[in-house]
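J.: My questions all concern the structure below.
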Amino acid sequence: MAVTAIQDGVATIQADAVVVGIYADEPLSGAAEALNRATQGLLTKLLESKDLSGKRGEVVTLFAPPGTQAKQATLIGLGARATVDRSTAFRSAAIAAKALAGKERGLVAFYLGEGWSGELLESGICGSLVGCVGQDLYRAKKNRFPLAQLGWANASADDIRRGEILAGGVNLARRLVNEPAGDIYPESFANEAVSVAESSGLSIEVWDRARLEAERCGSLLAVGKGSDRDSRLVILKYQGAADSVAPIAFVGKGVTFDSGGLSIKPTDGMKTMKCDMAGAAAVLGAMQTIAQLQLPVNVIGFCGLVENMLGGSAFKLGDVLRARSGKTIEVLNTDAEGRLVLGDVLDVALQSQPAKIVDLATLTGACVVALGTDIAGLMTNDQAWADEVKASGDAVGEPLWQLPMYPEFSEQIRSEVADIKNTGDGRWGGAITAAKFLEEFVAGKPWVHLDIAGPAFLDGQKPWLDAGGSGFGVRTLVEIARRAAK
């Protein structure tokens, strides 16, 4: 998908479609007014008849609009001008792109960015490149046709470059999540990470089973024991600042398929478990983006990669694992496996002496029960760091909601036979007790845990995005890095 800056006006450009933004409760202006004049007041008539309002997310299509050279005009409601932010820009462009991607098209020209600059244009361009990409990787007859030629009015070459880079990271994470577990498993994910590192200038280490054993990663390795696929740990390093600047650590859960192990999931619970590596996918997408943007910051990404399967060697209920940190863990549910993986990966991350840590994981159904499918849970041991992370998510339109981490929740993971156990006492507060388990492995470093189980995978379509992997977290992590670089 190629994006170029366009100079032609909305009425004179020869395009398969033009996309025009409409603001609510104000007179038509810019491209909208130019289109209105070319069509002899058609937009005014639509506004008067209330068939067009400018409400955020509204879509009105004009076919073969008179007085123009375009085959189609797609009008997108932007809401009130004063409320337009990066989320509006991203979603508005993505809604238009998704609506137009139902068939193959030539040039699609976007006139959304009048009065926008910098981050708004970048977000809009990113949205236009994300919205038109679907999950139909293996369909002979596609549902979505990525827009081959996109033109953006009022965009600079740098706006386009940044928007393309950001979209590349989001779409990378989405593709990895959407691939079946037969194609994306620990070794093949690690190979993808090697390719990303080579093309983006990242340094990379891949720990195979032998290295993981030598590093005493007993908790992570236990989860993968029932699989024929050996586990991996990927470490990606980006050095954009001086060596003396402590890095930020991004840690991703990468369970490439989660059967639940001996605590086996029912069929309906297992259908989408190829998505259980969405945290690792988001870390990889963010690391690619940060490197390509050449941000002046140091970041290290960690992806703990396992497949949780049943087999004669599978770990069992009642097992006591010894984690890399030396802590012992009683296993009471093999479907509470992500925290076992992350415990060891967080301990490895401490080796790099990070200033701060963020982990992302499709960790608990309890978080989805609490917050629904659009919002990620945020838990922390450091309020100032939590505020920074939440502000980053809010800025890009990836909503995060903080859950309490009262000391009493720690008592629920105390074991009678080991230091800790991998479940709380019953169902209640399950997202928080999982986070309290992870807190045991961060040694007091400023740390934020993002439970992305809800928004990482869409069971149904959104107006701006196809079903499947959403790429949630990539833009938040990039924003965190940007703010740290300032």
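The values are calculated or read from the model by the stated rules, or taken from the named source; none is laboratory data. Just so we're clear, the structure is a prediction, and the values are computed from it rather than from any experiment. Glycine also receives a Cβ, built like all others from the backbone with ideal geometry; neighbour counts cover every protein chain displayed.
J.: Checking the structure you have, find out if any residue of the stretch 448-465 is over 25 Å from Leu340 (Cβ atoms) and in contact with a Leu (Cβ under 8 Å, 6 or more places away or on another chain).
T.: The answer is yes, given that some residue of the stretch 448-465 is over 25 Å from Leu340 (Cβ atoms) and in contact with a Leu (Cβ under 8 Å, 6 or more places away or on another chain).
J.: Now for a separate question. Show the residue pairs that are 6+ apart or on different chains and have beta-carbon atoms under 8 Å apart, the first residue being within the stretch 270-282 and free of Cβ contacts under 8 Å to residues at least 60 places away in the same chain, the second being of a type in the set (S, T, N, Q) and not in a helix (DSSP H, G or I).
T.: If the second residue must be of a type in the set (S, T, N, Q) and not in a helix (DSSP H, G or I), the pairs left are Met270/Ser259.
J.: Right, another one. Test Glu198 against the criterion of being free of Cβ contacts under 8 Å to residues at least 12 places away in the same chain and over 25 Å from Phe472 (Cβ atoms), and give yes or no.
T.: In short, yes.
J.: A further question on this structure: So for the stretch 331-338 (the condition being assigned by TED's automatic domain parsing to the domain that holds Glu213, under 28 Å from the mean Cα position of the chain (by Cα) and farther than 22 Å from Ile432 by Cβ), does at least one residue qualify?
T.: Scanning the stretch 331-338, I find no residue that is assigned by TED's automatic domain parsing to the domain that holds Glu213, under 28 Å from the mean Cα position of the chain (by Cα) and farther than 22 Å from Ile432 by Cβ, so the answer is no.
J.: Identify all residues within the stretch 8-22 that are out of contact with any strand residue (DSSP E or B) (no Cβ under 8 Å at 6 or more places or on another chain) and not aliphatic (A, V, I, L, M); write none if there are none.
T.: Across the stretch 8-22, the qualifying residues are Gly9, Thr12.
J.: Scan the strands (runs of 3 or more DSSP E) fully inside the stretch 269-352 and keep the ones with 1 or more residues being closer than 22 Å to Val234 by Cβ.
T.: Because the criterion is at least 1 residues that are closer than 22 Å to Val234 by Cβ, the strands (runs of 3 or more DSSP E) in the stretch 269-352 that meet it are 298-308, 320-322.
J.: On to the next question. Select from the stretch 260-295 the residues that are polar (S, T, N, Q) and buried (at least 24 other Cβ atoms within 10 Å of the Cβ) and list them in ascending order.
T.: Gln288, Thr289
J.: Being in the same structural domain as Val345 (by TED's automatic domain parsing), within 16 Å of the chain's Cα centre (by Cα), at pLDDT 95 or above and under 16 Å from Ala349 (Cα atoms) is the requirement here; does Met287 meet it?
T.: Considered against the rule, which asks whether it is in the same structural domain as Val345 (by TED's automatic domain parsing), within 16 Å of the chain's Cα centre (by Cα), at pLDDT 95 or above and under 16 Å from Ala349 (Cα atoms), Met287 comes out as yes.
J.: Does Val234 satisfy the criteria of being under 17 Å from Ala281 (Cα atoms), in the same structural domain as Leu363 (by TED's automatic domain parsing), surrounded by fewer than 20 Cβ atoms within 10 Å (Cβ to Cβ) and among the β-branched types (Val, Ile, Thr)?
T.: So Val234 does not fit the description; no.
J.: Also, I was wondering about something else. Kindly indicate which of Leu233, Leu221 is in a strand (DSSP E or B) and either hydrophobic (A, V, I, L, M, F, W, C) or within 27 Å of Asp335 (Cβ to Cβ) (or both).
T.: Unique residue meeting the criteria: Leu233.
J.: Can I ask one more? Is it true that some residue in the stretch 210-223 is touching a residue at least 24 places away in the same chain (Cβ under 8 Å) and either surrounded by fewer than 15 Cβ atoms within 10 Å (Cβ to Cβ) or not assigned by TED's automatic domain parsing to the domain that holds Ala418 (or both)?
T.: Taking every residue of the stretch 210-223 in turn, none turns out to be touching a residue at least 24 places away in the same chain (Cβ under 8 Å) and either surrounded by fewer than 15 Cβ atoms within 10 Å (Cβ to Cβ) or not assigned by TED's automatic domain parsing to the domain that holds Ala418 (or both).
J.: If you take the residues of the stretch 237-259 that are surrounded by 21 or more Cβ atoms within 10 Å (Cβ to Cβ) and among the β-branched types (Val, Ile, Thr), which of them is nearest to Val283 (Cα to Cα)?
T.: Val251
J.: Just give me the residues in the stretch 107-120 being under 19 Å from Leu166 (Cβ atoms), surrounded by fewer than 24 Cβ atoms within 10 Å (Cβ to Cβ) and not aromatic (Phe, Trp, Tyr), in sequence order.
T.: The answer is Gly113, Ser117, Gly118, Glu119, Leu120.
One line per residue, one yes/no per condition, for (1) touching a residue at least 60 places away in the same chain (Cβ under 8 Å); (2) under 23 Å from Phe302 (Cα atoms); (3) in contact with a helix residue (DSSP H, G or I) (Cβ under 6 Å, 6 or more places away or on another chain):
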position: Leu403; (1), (2), (3): no, no, yes
position: Phe409; (1), (2), (3): no, no, yes
position: Ile420; (1), (2), (3): yes, no, no
position: Leu450; (1), (2), (3): yes, yes, no
position: Glu479; (1), (2), (3): yes, yes, yes
position: Arg482; (1), (2), (3): yes, yes, no
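J.: Out of all the residues in the stretch 172-213, which are small (Gly, Ala, Ser), over 26 Å from Val130 (Cβ atoms) and not in a helix (DSSP H, G or I)?
T.: Residue satisfying the conditions is Ser203 alone.
J.: Limited to the stretch 182-203, what total is found for residues that are in contact with a helix residue (DSSP H, G or I) (Cβ under 6 Å, 6 or more places away or on another chain) and surrounded by fewer than 17 Cβ atoms within 10 Å (Cβ to Cβ)?
T.: Result for the stretch 182-203: 1.
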